[in-house]
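Novice: Below you'll find the structure I mean.
The values are calculated or read from the model by the stated rules, or taken from the named source; none is laboratory data. Small disclaimer: the values here were computed from a predicted structure and weren't measured. Heads up, the Cβs are rebuilt from the backbone with ideal geometry, glycines too, and the neighbour counts pull from every protein chain shown.
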Ligand code: DX5
Ligand code: ZN
């Protein structure tokens with residue numbers, strides 16, 4: 001079954017606890033934390049202290065998406081804060097292999113995110129270190145953007161590589177996912193869907209969206 005990772009970027013920051021309890025009760029599998037630094041992407045959002053606070057009060061699997069430059073400087077902070085998975089952008093480091101190695105050495109899961117214009121080739125020599133590939137289906141930086149259909153072939157390509165290699169690697173897709181775009185993304189091979197605005201903007205519809213999307217089957 002496809003996993004749902006609600007992005008708290010679209011949650012109510014004045015009452016994060018209420019929104020996190022709400023997704024816990026509505027069958028979220030993971031919790032997606034969008035960390036932005038005002039450099040890799042324009043805005044500044046959440047840091048490791050917030051991850052620490054969430055970790056101490058929630059059992060959800062913490063899926064930390066680092067949209068920051070020099071991610072190597074911050075890995076340890078997010079590990080200490082309780083991240084279960086740290087995903088770094090291939091475009092944000094010149095030393096992807098070493099960075100993934102460091103994350104794996106800490107005993108947590110490691111992921112690589114690819115911007116819409118970034119090729120799957122970036123992963124060619126790091127497959128052995130990966131627990132997850134995150135395909136960005138919008139350009140990172142904002143919630144509520146429109147899904148970019150041109151990433152569908154990339155999702156299919158990664159899905160085929162993973163299936164052929166028989167590796168245990170999750171394929172997560174992030175950006176513009178809702179009940180309209182999710183079916184095609186899951187059909188292409190996605191195993192984890194990040195959803196921000198589709199879940200938190202209108203709560204009643206959000207519950208229905210989670211239910212609908214969780215029933216989708218991979219190809
Ligand atoms: C975008 C973030 C996403 C974002 C998704 O840079 O990585 O996780 O919160 O938001 P929606 O689902 O609204 O596109
Ligand atoms: Zn994200």
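Novice: Please give the number of the condition residue 48 fails out of (1) within 23 Å of residue 141 (Cα to Cα); (2) in contact with a strand residue (DSSP E or B) (Cβ under 9 Å, 6 or more places away or on another chain); (3) within 16 Å of ligand 1 (Cβ to nearest atom).
Specialist: All conditions are met except number (3).
Novice: Tally up the residues in the range 114-154 that are more than 20 Å from residue 179 (Cα to Cα) and either at pLDDT below 95 or part of a helix (DSSP H, G or I) (or both), please.
Specialist: 8
Novice: I'd like the full set of residues that are away from ligand 2 (no atom under 16 Å from the Cβ) and in contact with a helix residue (DSSP H, G or I) (Cβ under 6 Å, 6 or more places away or on another chain), limited to the range 109-143.
Specialist: 120, 122, 126, 129
Novice: Write out, first by first residue and then by second, each pair whose Cβ atoms fall under 8 Å of each other, whose residues are 6+ apart or on separate chains, and whose first residue, in the range 49-66, is under 14 Å from residue 4 (Cα atoms) while the second is within 14 Å of ligand 1 (Cβ to nearest atom) and in a loop (DSSP other than H, G, I, E, B).
Specialist: Listed by first residue and then by second, the contacts come to 60/28.
Novice: A further question follows. Identify the residue in the range 194-210 that is in contact (Cβ under 8 Å) with a residue 40 or more places away in the chain and farther than 15 Å from residue 145 by Cα and, among all such residues, is nearest to ligand 1 (Cβ to nearest atom).
Specialist: 206
Novice: Answer yes or no as to whether residue 38 is within 17 Å of the chain's Cα centre (by Cα), more than 11 Å from ligand 2 (Cβ to nearest atom) and surrounded by fewer than 18 Cβ atoms within 10 Å (Cβ to Cβ).
Specialist: In short, no.
Novice: Also, I was wondering about something else. Could you tell me whether the range 171-191 includes any residue that is part of a helix (DSSP H, G or I), within 16 Å of ligand 1 (Cβ to nearest atom) and surrounded by fewer than 19 Cβ atoms within 10 Å (Cβ to Cβ)?
Specialist: Yes, the range 171-191 contains at least one residue that is part of a helix (DSSP H, G or I), within 16 Å of ligand 1 (Cβ to nearest atom) and surrounded by fewer than 19 Cβ atoms within 10 Å (Cβ to Cβ).
Novice: Return the residue satisfying two criteria in turn: it lies in the range 144-154 and is surrounded by fewer than 14 Cβ atoms within 10 Å (Cβ to Cβ) and under 27 Å from residue 43 (Cβ atoms), and of such residues it is nearest to ligand 2 (Cβ to nearest atom).
Specialist: Only one residue tops the list, namely 144.
Novice: I'm checking my understanding of the structure. Among residues of the range 155-170 that are assigned to a helix (DSSP H, G or I) and over 19 Å from the mean Cα position of the chain (by Cα), which one is surrounded by the fewest Cβ atoms within 10 Å (Cβ to Cβ)?
Specialist: Result: 164.
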